[in-house]
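The structure appears right after this line, and notes come after that.
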Amino acid sequence: MREILCAVLLLTGSLLMLFASIGILRFRDAISRAHALAKATTFGMCLMLVGLWLALADEISGLKLLLVIAFILLTVPLASHLICLFFYQQKQTARDRRIPGNETSR
């Protein structure tokens, strides 16, 4: 039973990672790509690490993997948000430069 659960978690996580890579190829702009990548990769990596945790059946390894999962849950969405924010600000400043007569200073 344990091996089946590990296999299901690992395969589900792998499929989500595959969907994230398809999302990178399919979407056009950076914000959509970052959204697809961050959501699917975060959940897929967490599922794969939980599957590894069940496969190892070791308390010390489980605690280390729990720290890795917490680190992933904190950093991947934050990095994706910062990348999207940078892209959005660059797009806004480029749009402001194209509008003639726009004298707003930032």
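Contact annotation: residue pairs with Cβ atoms under 6 Å, 6 or more positions apart or on different chains, pairing a residue in segment 12-24 that is without any contact (Cβ under 8 Å) to a residue 40 or more places away in the chain with a partner that is of a type in the set (Ser, Thr, Tyr) and assigned to a helix (DSSP H, G or I), are Ala20/Thr41.
Of the residues examined, Leu54 is not one that is in a helix (DSSP H, G or I), closer than 30 Å to Ile83 by Cα, touching a Leu at 6+ places or on another chain (Cβ under 9 Å) and aliphatic (A, V, I, L, M). Within segment 73-96, the set of residues being at pLDDT 65 or above and among the charged types (D, E, K, R) comprises just one member, Lys91. Any residue at all in segment 4-13 that's out of contact with any strand residue (DSSP E or B) (no Cβ under 7 Å at 6 or more places or on another chain), farther than 19 Å from Val68 by Cα and small (Gly, Ala, Ser)? Yes, segment 4-13 contains at least one residue that is out of contact with any strand residue (DSSP E or B) (no Cβ under 7 Å at 6 or more places or on another chain), farther than 19 Å from Val68 by Cα and small (Gly, Ala, Ser). The criterion of being surrounded by 13 or more Cβ atoms within 10 Å (Cβ to Cβ) and in a helix (DSSP H, G or I) holds for Leu37. Candidates in segment 1-20 are the residues that are small (Gly, Ala, Ser) and under 18 Å from the mean Cα position of the chain (by Cα); of these, the one that is surrounded by the most Cβ atoms within 10 Å (Cβ to Cβ) is Gly13.
Look at segment 41-69: where a residue is in contact (Cβ under 8 Å) with a residue 40 or more places away in the chain and a partner is part of a helix (DSSP H, G or I) and of a type in the set (Lys, Arg), sitting 6+ places away or on another chain with Cβ atoms under 7 Å, you get Leu54/Arg2. Checked against (1) under 24 Å from Ala79 (Cβ atoms); (2) surrounded by 13 or more Cβ atoms within 10 Å (Cβ to Cβ), Leu25 passes all but condition (2).
The values are calculated or read from the model by the stated rules, or taken from the named source; none is laboratory data. Values in this document were obtained by computation on a predicted structure and should not be read as measured data. Counting neighbours? That spans all protein chains shown, and the Cβs are built from the backbone with ideal geometry, glycine included.
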